[in-house]
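Beneath this line is the structure, given in structure tokens, with notes to follow.
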Amino acid sequence: MTQIRTDRLLLRKARESDLAPLHAIFSDPETMRYWSTPPHADLETTRCWLAAMIDLPASTGDDYIVELDGRVIGKLGLWQASEIGFLLSRDTWGQGLGREALSAFVAHAFRERADHLTADVDPGNAACLALLKRVGFRETGRATRTWTVGDQWCDSVYLRLDRDRPRPT
């Protein structure tokens, strides 16, 4: 089983015992503000989401749980082979953990499976856009009303990072 270690974090494959900590993250409205689904209203919603993460075919994606000192603090991975997505518990924001996890995962993805990575970010998510740019992603376009969360239309900022493009250190 592939694991990715950083100075402070462990990125590992999901397991059923991750249900309660993931539900705590996925049910928090502030954490989920820019996610692709509304906050999880019940444990069953998170259970279904976790099962899909565990059963994700390698050809479709590559998902990891992010741990800090043995505690689940988020998830990070690829969807549709090259689109990156990540979410960290609100109590960990501002500690550099997103950059640490993302940098390690980008290196892994380029080593193991991809020649480029993409991201689709809500333009209101300034923290995510800044993080992706610090890791080396560049904006490739914008569009309006590209997807819905609940009954709300969202816009998109598209970003891309190529394997052969120099990245910040």
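General observations
- Filter pass, LEU76 being touching a His at 6+ places or on another chain (Cβ under 9 Å), in contact (Cβ under 8 Å) with a residue 40 or more places away in the chain and crowded, with 20+ Cβ neighbours inside 10 Å: no
- Residue match in the stretch 139-151 (condition: over 17 Å from the mean Cα position of the chain (by Cα), surrounded by 11 or more Cβ atoms within 10 Å (Cβ to Cβ) and either among the basic types (Lys, Arg) or within 19 Å of ARG99 (Cβ to Cβ) (or both)): yes
- Residue list for the stretch 122-165, filter: aromatic (Phe, Trp, Tyr), in contact (Cβ under 8 Å) with a residue 40 or more places away in the chain and in contact with a Phe, Trp or Tyr (Cβ under 9 Å, 6 or more places away or on another chain): TRP147
- Residue match in the stretch 72-79 (condition: modelled with pLDDT of 95 or more and not in a strand (DSSP E or B)): no
- Qualifying residues in the stretch 96-132 (those that are touching a Ser or Thr at 6+ places or on another chain (Cβ under 6 Å) and under 21 Å from ASP7 (Cβ atoms)) - the one surrounded by the most Cβ atoms within 10 Å (Cβ to Cβ): ALA104
- Those residues of the stretch 40-71 which are surrounded by fewer than 18 Cβ atoms within 10 Å (Cβ to Cβ) and part of a loop (DSSP other than H, G, I, E, B), in sequence order: ALA41, ASP42, ASP55, LEU56, PRO57, ALA58, SER59, THR60, ASP69, GLY70
The values are calculated or read from the model by the stated rules, or taken from the named source; none is laboratory data. Computed from a predicted model, the values in this text were never measured in an experiment. Glycine also receives a Cβ, built like all others from the backbone with ideal geometry; neighbour counts cover every protein chain displayed.
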